[in-house]
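Visitor: First, the structure itself, so that you have it in front of you.
No lab work stands behind these numbers, since they all come straight from the coordinates. All values reported here derive from a predicted model rather than from experimental measurement. With ideal geometry, Cβ positions are generated from the backbone for all residues, glycine too; neighbour counts draw on all protein chains shown.
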Amino acid sequence: MDLNLLIMSYGYLGVFLASLLGSASIIFPVPYLILIYYVGASHVLNPLIVSIIGGLGATFGELTLYIAGLGGRKIISERSIKNTEFFKKAVGKYGPFIIFLFAATPLPDDIIYPVLGVMRYDMFKTFTACFAGKTVLTGLVVYSGYYSYEYINILLGGESIYTSIIITILAIIFVIIVIKIDWSKFFRMGVD
């Protein structure tokens, strides 16, 4: 089936579901950002709307981990709960920024949502910061696909099987780079 036809068939609902299932990584570890890149490269859907819908789906996917943390609170010791309360106070007003930073970059945000659930961190703040971060990340990927496709076609002299192959390779390379960079070192350099 043609990729553009597939994207038209599932549309924004497909973007939402792929982002939701891809971010609920305990259940379905799917590299949904590759699909988002293709959606941008297809020029079928509006990239701004894809950014928002994809960010929303990814946020709901991550909140499954937050909810798992809420449930996990029932099985951890009282001492551990007290430690999370101390951590909650330590995070304080920087919590939304930290959540945004983890959500908008390839930092391992899957590890923070269960902890946020265990410590009963404010769900609205968690949702809002995660949504903003996931929308930025999704937007970066969808617009990368949207603009790179045009340049690849120009370089190759029009659409061909080679365009599809190069788009696939670029999407995979982009996702690997985003995942493999040690973002904590990168951001630490900017702070020093």
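Visitor: Around Asn46, which amide H atoms from residues at least 5 apart in sequence, or from another chain, sit under 5 Å from its own amide H, with H modelled in the peptide plane?
Guide: Residues meeting the amide H criterion: none.
Visitor: Another question, then. At a 10 Å Cβ-Cβ cut-off, how would you order Glu62, Glu150, fewest neighbours first?
Guide: Glu150, Glu62
Visitor: Something else now. Suppose the chain between Ala68 and Leu17 were pulled fully straight at 0.36 nm per residue; how much longer would it get relative to their current alpha carbon spacing?
Guide: Roughly 16.4 nm would be gained on extension.
Visitor: Another question about this same structure. Once phi is turned into ³J(HN,Hα) by the Karplus curve 6.51 cos²θ - 1.76 cosθ + 1.60 with θ = phi - 60°, what whole-Hz value does each residue of the range 41-48 show in order, with x for glycine and proline?
Guide: 5, 6, 6, 8, 10, 5, x, 5
Visitor: Figure the gain on full extension for Arg79 and Ser9 (residue separation times 0.36 nm, minus the Cα-Cα span) and round it to one decimal in nm.
Guide: Gain on extension, Arg79 to Ser9, equals 20.0 nm.
Visitor: Next up: Multiplying the sequence separation of Asp122 and Val44 by 0.36 nm and subtracting their Cα-Cα distance, what value in nm do you get?
Guide: 24.4 nm
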